[in-house]
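Encoded as structure tokens, the structure appears first; notes follow it.
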């Protein structure tokens, strides 16, 4: 055993470490009168007994959570080729920027004249994103990608209503789309219409022509799409939708593949969102909140949510004077800390650096795809962008080893599994996104592991079917986890019950 | 896939539902191919009893560990009964898709004959699902 200390087979929940009367703090004696809580709080807010909080020392807390963190796998621990939800490395210098006193400790109600630096950063960020996306105006308010989608669709509805087209309510979505697209359309009060992919994985133009009509609100498109494929027909797609009077929405989930090389605005998109937490390397998932700014073409700028940051002379200000605005979508000014990190990323990469990010992301994905396609079925065998979708179909047919088993076996080799079973149009999908920062050595290590697993699936499938064996917990019962979720500690059950 | 054969007296849709007709009524479920593709089923959203459906209408949603999928009615008619066992034991769809895992029963509508004529019989579906599984 290494010197990192004793590792429990099963880490107890912190309640089980509790010992009556133990404390992790020591406060001076109370020198003000203690109020009677029954007098100052409404009756229905009072507990009959104190909350059963764990009673632990500071050391207990630190060790418990440090041990838990050692069981985690993250991009700071090892390779994390999760397609669909980009997990790229988050440069630590961005944290330094976001931690600066004037950003980290500024109160949102601080008057404008005392927050000119923060406002300048927001103003510049609006312009940077507009330039990168080929858009005319940007809101930084939305808190995540899906929130950006909702904001964007709301803007489109408001704009079309102002043009006497308020009846339009059909949102066209390709069958390869992220699930957030149809969810957004429904939440925004629209109907969804699915359009098929063609043999090359792009939007099938004939199917698209057949579904556009006078009720079409917009098409939502991710390009490159979730197959990692760039739709070369994007101009034709845009023309078909525009001719029917609908607008084009760009889902920016995969902008990191074309950044600096192609701009949604130039391809005919009217509205686009950016995932700062993907394309611009801010932490997400368990690592921090997202941010989903939305860019629009100038005809739609009047409908942006308030406030936007404006500039008059050399003074920055929060502009609430947008009479046709869709209103507020978020308290205060978006996820400000995330925006600061993305700003730091854009400034430290510079225009050439951002282009290289796209180049390297695409190069790495194609390198891996080429290495893997000997052992894994590739439904769309063409040059990909930042990610590709392989399949465990050969393994399933030949030895009953499914993609889920392959994913579990990867854990035994210390690699995070890629996204599995998405997109839905590829059976037994294995969606791999290596990202731009991985070295050739890491990519080759992953390719070797995948080749090894393919060999195991053939020669000793039981090894793959029983995976993982080297992790803290073995194969989880996913069906039972959904059917009988136990998400809260129940003290009355006692430890381990 | 496990060696479950597709019953000869059922009719089948391209979206992998089956229907078994008995006079004016019918029972509907998912095929073995569908349950195999879905993986372990964890939740089923059923139609309301009394609801009228047309052939091809979405009548419910099946959620598995992999995905959430719509289910389409093979024929038109009125829902008369749903399989209550599935709310506690959705795994019946995996264990016995053509039997205990049935989804709902219906009284067939006036268009039933035309609806049923559009469906596949057992040999046709056998070929169809074999092709769908090939790549």
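Computed from the coordinates by the stated procedures, all read-outs in this text should not be read as laboratory data. Nothing here was measured: the structure is a model prediction, and the numbers come from that model. Cβ atoms come from the backbone with ideal geometry, glycine included; neighbour counts cover every protein chain shown.
Here are the numbers for the structure shown:
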read-out: Protection proxy ranking of A:270-280, A:210-220 - average other beta-carbon atoms within 10 Å, highest first; value: A:270-280, A:210-220
read-out: Mean Cα-pair separation over length for region A:214-316, i.e. relative contact order, pairs under 8 Å, 6 or more apart, %; value: 21
read-out: Rel. contact order, % - alpha carbon contacts under 8 angstrom, at least six apart, chain A; value: 17
read-out: Prolate/oblate/rounded call for chain A, Cα gyration tensor, a/c under 1.5 rounded; value: oblate
read-out: Partner chain coverage, peptide B:90-99 - average Cβ within 10 angstrom; value: 1
read-out: Inter-chain shielding of A:419-429 (mean C-beta neighbours from other protein chains, 10 Å cut-off); value: 2
read-out: Value of relative contact order over region A:14-70, rounded to a whole percent, pairs C-alpha under 8 Å and six or more apart; value: 62
read-out: Helical mean residue ellipticity (222 nm; -39500 (n - 2.57) per DSSP H run of 4+; nearest 500) of chain B; value: -5500 deg cm²/dmol
read-out: DSSP-defined beta bridges in chain A - what % are antiparallel, rounded to 5; value: 60
read-out: Reciprocal of mean inverse Cα separation for region B:16-61 (Kirkwood radius, Å); value: 12.2
read-out: Separation in nanometres of the label points that stand 7 Å from Cα toward Cβ, at residue A:45 and residue A:487; value: 2.6
read-out: Global form of region B:16-132, assessed from the alpha-carbon gyration tensor, a/c cut-off 1.5; value: oblate
read-out: Cβ crowding within 10 Å averaged over residues, with B:89-95, A:360-366 ranked highest first; value: A:360-366, B:89-95
read-out: Likely footprinting exposure, B:106, A:450, fewest C-beta neighbours within 10 Å first; value: A:450, B:106
read-out: Estimated distance in nm for a label pair at residue A:14 and residue A:266, the labels positioned 7 Å out from Cα along Cα-to-Cβ; value: 5.1
read-out: Mean residue ellipticity (222 nm) of chain A, computed from DSSP H runs ≥ 4 via -39,500 (n - 2.57), nearest 500; value: -10500 deg cm²/dmol
read-out: Residue A:213/residue A:347 FRET efficiency (R0 35 Å; Cβ-Cβ; nearest 0.05); value: 0.20
read-out: Cα-based shape type of region A:357-483, given that a ≥ b ≥ c are square roots of the gyration tensor eigenvalues and the cut on a/c is 1.5; value: prolate
